[in-house]
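Asker: Input: one structure, supplied below.
What follows draws every value from the coordinates through simple rules; no lab data is involved. Please read all numbers here as calculations on a predicted model, not as lab measurements. Note: ideal-geometry Cβ built from the backbone for every residue, glycine included; neighbour counts use all protein chains shown.
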Amino acid sequence: MLPGGTEPDPRFTLANERTFLAWIRTALAFIAAGVALEAFGGDLFHDDIRLAASLVAVVIGLIIAATSLFRWRRVESSLRHHTPLPWPALLPLLALGTALAAGVVLGLVLA
């Protein structure tokens, strides 16, 4: 499926797949949070704020899900060609999304 290079140790390939699945679980958590906020947050926020927060959570989840496949591919290619692993570009987005989610929860607690 992946051209070039040599077949890596199966343990590394399987670890790469587990990491991909962890990114997918994280994406699903963001999407579920956005759906839950929209479905059950009616009394907690003004409608526009609730919709914006829900959309931000869902969009972050979609971006994480979409880019995790490219991350898996780049890591697998690095393993096959014995090159340094690529920097995880998803980490800043994940940190920002988590900080935004924590801010929303903090706002709920303080309100």
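Asker: Given the DSSP H assignment, sum -39500 (n - 2.57) over each helix run of at least 4 residues in the chain and divide by its residue total; what's the result at 222 nm in deg cm²/dmol, nearest 500?
Answerer: -28000 deg cm²/dmol
Asker: Using Cα-only point scatterers and the Debye equation, what is log10 of I(q)/I(0) for region 10-110 at each q in 0.13 Å⁻¹, rounded to two decimals?
Answerer: -0.53
Asker: Which distance in nm do the two modelled labels at PHE70 and LEU110 give, with both placed 7 Å along the Cα-to-Cβ direction?
Answerer: 3.5 nm
Asker: Charges on Cβ only, +1 for Lys and Arg, -1 for Asp and Glu, centred on the Cα centroid of the chain; of LEU44, GLY97, PRO86, which one is farthest towards the dipole's positive end?
Answerer: So the residue furthest toward the plus end is PRO86.
Asker: Count the net charge of all other residues whose Cβ sits under 15 Å from the Cβ of ARG18, scoring Lys and Arg as +1 and Asp and Glu as -1.
Answerer: Local charge sum for ARG18: 0.
Asker: Stretched out fully, how many nm does the piece from LEU62 to ALA36 gain, at 0.36 nm a residue minus the Cα gap?
Answerer: Gain on extension, LEU62 to ALA36, equals 7.8 nm.
Asker: OK, next. Only residues of region 7-25 count here: report those whose backbone N is under 17 Å from the spot 7 Å along Cα→Cβ of THR83, or say none.
Answerer: In region 7-25, the label zone of THR83 (backbone N under 17 Å from the point 7 Å along Cα→Cβ) covers 7-8.
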